[in-house]
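Following: one structure in structure tokens, then a few remarks.
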Amino acid sequence: MSTLKITESVGLGGTNNINDVKAVQTALNTLLALIPPTEVINVDGLINEPLESAKTIAAIKLFQSKILGQLRPDGRIDPMGRTHRKINEKLINLSVRSDAILKMPATYAVWMKTAINELGESEVAGTKANPRILSYFKASKFWGKDDSGGVNAWCGSFVSWVMKQHHYEPVKNAFRAKEWATFGKKIDKPLYGSIGIKTRKGGGHVAFVVGQSADGNSLFMLGGNQNNSVNVTKYNKDVWKTFVVPADFDESCETLPIYTKKALSAGSEE
């Protein structure tokens, strides 16, 4: 499924319309990897008694706890409420990841498969942190213990982790996005898999190029800390000032494809 659509609230104290419950059950089954040890939920549209111990309620609470960082999850999903929006964000990221893997072009930028496999990793609200993002921090030698907030921006750390998987040494202070302008060698134009660097208010941002729009005015960038997750985001091409690739990379072997798949719109990078 692409996104979760519900008309009324589902869960503890919810309206629990049978079709809405089925939609929630299907969405949670799609996202099982995010909420272990949850088992597949029977898509029957029912919230079984007692409500507090029902599998659907338990899965909603676990999602709220693990993904939203709620200390006291309420086990309820309201239309366009915080839990509903976060479920849809995860469903979109999963869809983008699956599509990107299936449609990945033949490429010499071998690190892109690794980057694509990270789609959907996201921050945990509050003082808790996603262990995967802490691994990104380690790759860039960043000392942060929390993955949220402007002081813990992790786009550079994500690029560091990806490139280290392919034995490329990150730049010094790799957790600072603008430092990536000194990596490898600069190229004159963006190519699939190249690393783009731009300036933003209060700092910079760094991400991998995955394609361009048909009119050539936009770039689609796979990066970390884009709206607090790893995703593909559409940007105005002109905001990206520098593109780099590893020093030993033959840019004549790479192109910039037209990107026609799902993507988010540019937003927060803090």
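Values in this text are rule-based calculations from the coordinates and carry no lab data. Not measured: the values here are computed from a predicted model. Quick reminder, even Gly has a Cβ in these numbers, built from the backbone with ideal geometry, and neighbours come from all protein chains shown.
Calculated from DSSP H runs of 4 or more alone, at -39500 (n - 2.57) each and per residue, what is the 222 nm mean residue ellipticity of the chain, nearest 500?
The helix-only estimate for the chain comes to -8500 deg cm²/dmol at 222 nm.
Say the cut-off is 28 Å between C-alpha atoms; which of K138/K186; K90/K164; K55/K128; K138/K185; K5/K55; K61/K261 go over it?
K61/K261
May I ask what percent, to the nearest 5, of DSSP beta bridges between residues of the chain are antiparallel?
On the way: 26 of 29 bridges.
About 90 percent, rounded to the nearest 5.
If I take all pairs of Cα atoms in segment 1-149, what percentage of them are more than 23 Å from each other?
Everything past 23 Å amounts to 42 percent.
By the gyration tensor of its Cα atoms, with a ≥ b ≥ c the square roots of the eigenvalues, what is the shape of segment 1-46: rounded for a/c under 1.5, prolate for a/b over b/c, or oblate?
prolate
What aspartates and glutamates could a cross-link reach from K237, if we take a straight Cα to Cα line under 17 Å and drop same-chain neighbours fewer than 8 places away?
Those aspartates and glutamates meeting the cut-off are D188, D215, E269.
Straight distance only, please: which aspartates and glutamates reach the Cα of K66 with their own Cα at less than 20 Å, same-chain residues fewer than 8 apart left out?
Answer for K66, where 20 Å is the Cα cut-off: E39, E52, D74, D78, E89, E118, E121, E123, D146, D147, listed by chain and number.
Evaluate the Kirkwood expression for the hydrodynamic radius of segment 106-265, namely the inverse of the mean inverse distance over all pairs of different C-alpha atoms, and round to one decimal in Å.
Radius from the Kirkwood sum: 15.5 Å.
Checking a compactness column here: for the chain, what do you get for Rg(Cα) / (2.2 N^0.38 Å), N being the number of residues?
Its radius of gyration relative to the 2.2 N^0.38 Å reference: 1.07.
Placing +1 on the Cβ of each Lys and Arg and -1 on the Cβ of each Asp and Glu in the chain, which of L51, N29, Y168 has its Cα farthest towards the positive end of the resulting dipole?
Farthest towards the positive end: Y168.
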